[in-house]
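The values are calculated or read from the model by the stated rules, or taken from the named source; none is laboratory data. Note that the structure is predicted; figures quoted are calculated from it, not measured. Note: accessible area is taken over every heavy atom of the protein model, side chains too, but ligands, DNA and RNA are not part of it. Shrake-Rupley method; radii C 1.70, N 1.55, O 1.52, S 1.80 Å.
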Amino acid sequence: MMQVSTKASRWNSLDCLKGIACIAVILIHYNIAGGNMPTWIGKYTKAICRFAVPVFLCISGFFFVGSSYSVEKTLKKVKHIFKLLLATSVFYAIYSILWNNAMHGAKWSLSEFTAETVTGDALVKLILTHDPLEYSHLWYLIAMLWCYGMMLLVYKENR
């Protein structure tokens with residue numbers, strides 16, 4: 001006799017879709033990193049695989065909204081993403097300074113790096129296009145902040 005599990009059931013189709021999206025992200029990064037694909041194949045692969053991160057965002061939204069919604073839960077998610085952004089910003093700032101010192105002999109300090117990186121134009125670009133100040137592969141974190149912010153606005157208005 002088959003036993004029914006009391007744990008939450010898995011969404012196998014969504015797990016498969018996430019797996020396909022993971023492979024697509026790897027192919028995008030392989031192509032950008034200068035993989036051995038012919039140029040025309042790399043261009044088509046990159047164009048076709050651009051669905052991957054939006055699919056992850058949609059699946060995250062599906063599970064987030066599908067569960068019981070609360071402002072506290074949303075604010076907790078926002079706080080978590082801000083922590084991730086702060087940690088990665090500090091990590092990449094230190095990495096950039098060390099890389100420039102090691103590879104180019106540049107005498108860069110954290111204050112010089114910040115002055116060069118954090119400009120008015122860069123902040124506007126960050127807010128409008130989700131393009132982080134440095135290392136733009138983390139754009140999806142800012143997109144998630146926008147999504148959670150919109151949820152706070154929509155649920156505040158009871159829509």
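For LYS46, the accessible surface of its heavy atoms amounts to roughly 70 Å² (probe 1.4 Å, protein chains only, rounded to the nearest 10). Taking CYS22, CYS58 and ordering them by how much accessible surface each has at a 1.4 Å probe, largest first, produces CYS58, CYS22. Counting only heavy atoms of the protein chains and using a 1.4 Å probe, THR117 has close to 20 Å² of accessible surface.
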